[in-house]
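Scroll down for the structure; my scribbles are underneath it.
The values are calculated or read from the model by the stated rules, or taken from the named source; none is laboratory data. The structure presented is a predicted model; accordingly, all values stated were derived computationally and were not measured. In this analysis, Cβ positions are derived from the backbone assuming ideal geometry, glycine residues included, and neighbour counts consider all displayed protein chains. Remember, those area values only see protein heavy atoms, side chains included, never the ligands or the DNA or RNA. Shrake-Rupley method; radii C 1.70, N 1.55, O 1.52, S 1.80 Å.
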Amino acid sequence: GNRSPAKVDLTVQRAKDEGNLPLVGSASPEEFISKLSKPRKVIILVMAGKPVDETIAKLSEYMEEGDIIVDGGNEWYLNSIRRSEELEPKGIHFIGMGISGGEEGARNGPSLMPGGPKEAYDQLEP
């Protein structure tokens, strides 16, 4: 589950206090996935490498065919290909997405560079 449940509760309360922002917290991967509408679209931003694999393993356990995982951690492309191939038997789409922009991106919007199955991208594009 979440390593900092108290921080989740604090963040949800802060969102409520700062204008009743639509933020919902979850205490476990199963609860998180169950709260999303289908097909689910999950963006993860975790440190590259083993933490990405661990996060995908935990989340995908509760995901279904047609769901999408987007890794926004600027991962090495061969790892993205491997992850896509590993999720394919479950019918879960994987998109690796580079994010660039630095300070200007923080102020004016980052450059998002997704790569993966067109079928999944079509569900995500603006």
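If you filter the stretch 1-30 down to residues that are in a helix (DSSP H, G or I) and more than 26 Å from Ile56 (Cβ to Cβ), you find that the one that is most open to solvent (accessible area, probe 1.4 Å) is Arg14. Residue pairs whose Cβ atoms lie under 8 Å apart, separated by 6 or more positions or on different chains, with the first residue in the stretch 37-64 and closer than 18 Å to Gly96 by Cβ and open to solvent by less than 20 Å² (accessible area, probe 1.4 Å) and the second part of a loop (DSSP other than H, G, I, E, B) and among the β-branched types (Val, Ile, Thr), are Val52/Val46; Ser60/Ile92; Met63/Ile92. Only one entry of Ile33, Ile81, Ile69 meets the criterion of being without any contact (Cβ under 8 Å) to a residue 60 or more places away in the chain, of a type outside the set (D, E, K, R), assigned to a helix (DSSP H, G or I) and within 21 Å of Met113 (Cβ to Cβ), and that entry is Ile81.
Would you pick out the residues in the stretch 74-117 that are among the basic types (Lys, Arg), open to solvent by 100 Å² or more (accessible area, probe 1.4 Å) and either touching a helix residue (DSSP H, G or I) at 6+ places or on another chain (Cβ under 9 Å) or modelled with pLDDT of 95 or more (or both)? Explain how you work it out, then say what you get.
Within the stretch 74-117, the subset among the basic types (Lys, Arg) is 82-83, 90, 107.
Those left that are additionally open to solvent by 100 Å² or more (accessible area, probe 1.4 Å): 107.
Hits for the stretch 74-117: nothing passes.
Taken as a whole, the condition of being farther than 24 Å from Phe32 by Cα and of a type outside the set (Ser, Thr, Tyr) does not apply to Gly72. Contact map, the stretch 108-126: residues that are in a loop (DSSP other than H, G, I, E, B) paired with residues that are open to solvent by less than 90 Å² (accessible area, probe 1.4 Å) and at pLDDT 95 or above, Cβ distance under 7 Å, separation 6+ or inter-chain. Pairs shown: Gly116/Ser84; Gly116/His93; Gly116/Phe94; Gly116/Ile95; Gly116/Gly96; Pro117/His93.
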